[in-house]
Amino acid sequence: MIEIKHVSKWYGATQVLDDCSTRIAHGEVVVVCGPSGSGKSTLIKTVNGLEPFQKGEIIVDGISVGARDTDLPKLRARIGMVFQSFELFPHLSVTQNLVLAQVKVLGRSQGEAAARAASLLDRVGLRAHQDKFPGQLSGGQQQRVAIARALAMDPIAMLFDEPTSALDPEMVNEVLDVMVDLASEGMTMMVVTHEMGFARKVADRVIFMDVGRIVEDCTNEEFFGNLEARSERAQLFLSKIL
Ligand code: ADP
Ligand code: MG
């Protein structure tokens, strides 16, 4: 589904991604962790073309992200992305947040889009809040709306960049629960997170990044079942967060 091949990226003279390669199969959940500044956000954003890269290739569902003739807006519409800051439209109601792109980008009718929105809001437990504005919701609720909004586009894969990092601790689980459900339904997911409990529970693979490199890329069992075999950098990082 997602193939990252020898991707390198520089900001000016500074290299931020260094020969990164991995593949994410259909229905697979991959957690990306690593110290701040290691390139996690940059890597995940290259997947839907939000960050250009100078070397290598990324193929998503058979389409080359970096190719000059690729219709990036069209590709992006098919890949859901959820950020640390929820990035909802503050002046639109919850329902309108979910309806807008369905109508504008997918060409659905208002009625069809509203029905899809209602069913997704049910699924994330927020139907009762459908007419509120984002500012009237808690952080955890806003993030669940953001996930529902991404799902409304019927994405082929979902990218999450530290979706719970900006939340108060008591709200982390309500968002992780939605993500656990999504994973169990077979969604292809790439998740940057330091929530190792979540990783252990749902990740098929764990990637550890350091200074722009993919240092570890192993199965859940390899990663958590044999921590002593991990690189020194990974062990040091994990000792600080576990
Ligand atoms: P992470 O998500 O792992 O914390 P990032 O992908 O955000 O790391 O950043 C990787 C590196 O790229 C960092 O050293 C960061 O300072 C640098 N970087 C990120 N965005 C920019 C930018 N727009 N211009 C220059 N350097 C950047
Ligand atoms: Mg980041």
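Worth a mention:
- Pick from the stretch 1-51, criterion more than 14 Å from ligand 2 (Cβ to nearest atom) and touching a Gly at 6+ places or on another chain (Cβ under 7 Å), ranking: most open to solvent (accessible area, probe 1.4 Å): His6
- The residues of the stretch 66-91 that are touching a Ser or Thr at 6+ places or on another chain (Cβ under 9 Å) and open to solvent by 60 Å² or more (accessible area, probe 1.4 Å) amount to a single one, Gln84.
- Remark: Pro155 falls outside the filter, which requires a residue to be more than 17 Å from Pro90 (Cα to Cα), within 16 Å of ligand 2 (Cβ to nearest atom), surrounded by 15 or more Cβ atoms within 10 Å (Cβ to Cβ) and not aliphatic (A, V, I, L, M).
- Members of the stretch 31-57 found to be at pLDDT 95 or above and more than 15 Å from ligand 1 (Cβ to nearest atom), listed by number: Lys55, Gly56, Glu57
- Within the set Leu182, Leu167, the sole residue that is free of Cβ contacts under 8 Å to residues at least 40 places away in the same chain, open to solvent by less than 40 Å² (accessible area, probe 1.4 Å) and part of a helix (DSSP H, G or I) turns out to be Leu182.
- Scan of the stretch 37-80 for residues that are closer than 28 Å to Ser165 by Cα, in contact with a helix residue (DSSP H, G or I) (Cβ under 9 Å, 6 or more places away or on another chain) and hydrophobic (A, V, I, L, M, F, W, C), ordered by number: Leu50, Phe53, Ile58, Val60, Val65, Ala77, Ile79
- Tallying residues that are in contact with a Lys or Arg (Cβ under 6 Å, 6 or more places away or on another chain) and without any contact (Cβ under 8 Å) to a residue 60 or more places away in the chain within the stretch 142-164 yields 1.
- Evaluated against (1) touching an Asp or Glu at 6+ places or on another chain (Cβ under 9 Å); (2) within 20 Å of Ala148 (Cα to Cα); (3) within 16 Å of ligand 2 (Cβ to nearest atom), Ser93 falls short on exactly one condition, (3).
- Among the residues making up the stretch 158-185, those that are among the charged types (D, E, K, R) and more than 16 Å from ligand 2 (Cβ to nearest atom) are Asp168, Glu170, Glu174, Asp177, Asp181, Glu185.
- Meets criteria (hydrophobic (A, V, I, L, M, F, W, C) and either buried (at least 20 other Cβ atoms within 10 Å of the Cβ) or within 15 Å of the chain's Cα centre (by Cα) (or both)) for Val215: no
- Tally, over the stretch 92-110, of residues that are assigned to a helix (DSSP H, G or I) and open to solvent by 50 Å² or more (accessible area, probe 1.4 Å): 4
The values are calculated or read from the model by the stated rules, or taken from the named source; none is laboratory data. Everything quoted here is computed from the prediction, not taken from an experiment. Cβ: placed from backbone, ideal geometry, glycine included. Neighbour counts: every protein chain shown. For accessibility, only protein heavy atoms count, side chains too; no ligands or nucleic acids. Shrake-Rupley method; radii C 1.70, N 1.55, O 1.52, S 1.80 Å.
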